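Every number here is computed from the coordinates shown, using simple stated rules; none is lab data. Everything numeric in this text was worked out from a predicted model, so none of it was measured. Note that each Cβ is placed from the backbone with ideal geometry, even for glycine, and that neighbours are counted across all protein chains shown.
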Amino acid sequence: MFDLVAELAKLDTTSRFIVNYATVFGYCLLGVAIFLMLVFPAIQMVQDFKKAIGALVGLVLMGLIFFLCYSMGTAEELTVISGDKVETIAAGTMKIVDACIFMAYTLLVGAILVLILTSFARYIKQ
């Protein structure tokens with residue numbers, strides 16, 4: 001991080017101007033993408049309510065899985081020593097990271113189970 005700041009300090013005024021506005025423009029595009037990502041599904045839910053119920057059930061299940069994984073996470077600070085640097089990762093950050101890792105594992109196992117069950121169901125139908 002500090003090397004990047006030092007490199008940016010070496011840039012001339014025009015380059016800094018371009019970097020600053022490119023960063024702001026990138027954040028604006030990210031905001032527009034997030035807004036559209038939320039608006040279009042909302043429009044689809046209003047147009048077809050039966051599909052909306054399925055989507056809402058899936059969203060609630062994902063929230064439930066995240067809550068369960070979050071409650072399993074450890075709430076301890078972690079000290080990381082890298083060369084001359086000593087950094088401490090906050091307990092809240094560790095809990096969120098643990099929740100994301102546990103959620104990835106849970107969803108992976110769930111996907112494998114669904115794959116096996118659908119293959120088995122297809123085999124029985126034949």
Problem set entry | Whole-Hz ³J(HN,Hα) from phi, Karplus 6.51 cos²θ - 1.76 cosθ + 1.60, for region 73-85, glycine and proline x | x, 7, 10, 10, 6, 10, 9, 10, 10, 10, x, 8, 8
For this session: Extending each Cα 7 Å along its Cβ direction at LEU38 and LEU68, get the distance between those two points in nm, one decimal.
Result: 2.8 nm
Problem set entry | Options (1) 13, 46, 33, 8, 0; (2) 10, 17, 24, 27, 15, 6, 1, 0; (3) 8, 13, 10, 8, 8, 8, 7, 7, 6, 5, 5, 3, 3, 3, 3, 2, 0 - which one matches P(r) over Cα pairs in 10 Å bins from 0, in percent as calculated here | (2)
Exercise. Under the definition of Cα pairs under 8 Å and six or more residues apart, what whole-number percent is the relative contact order of region 1-122?
Worked result: 15 percent
Seminar exercise, completed: Karplus-derived 3J(HN,Hα) from phi for region 113-126 (6.51 cos²θ - 1.76 cosθ + 1.60, θ = phi - 60°), whole Hz, x at Gly and Pro, runs 5, 5, 4, 5, 5, 5, 5, 5, 5, 5, 5, 5, 5, 7
Exercise. How large is ³J(HN,Hα) for each residue in region 45-57, as worked out from phi by the Karplus curve 6.51 cos²θ - 1.76 cosθ + 1.60 (θ = phi - 60°), to whole Hz, x for Gly and Pro?
Worked result: 5, 5, 6, 10, 6, 5, 5, 5, 5, x, 5, 5, 4
Problem set entry | Listed residues GLY73, VAL86, PHE49: farthest to the positive end of the dipole of region 48-116 (Cβ charges) | PHE49
For this session: For ALA90 paired with THR23, estimate the spin-label separation in nm (one decimal), with each label point 7 Å from Cα along the Cα-to-Cβ line.
Result: 2.1 nm
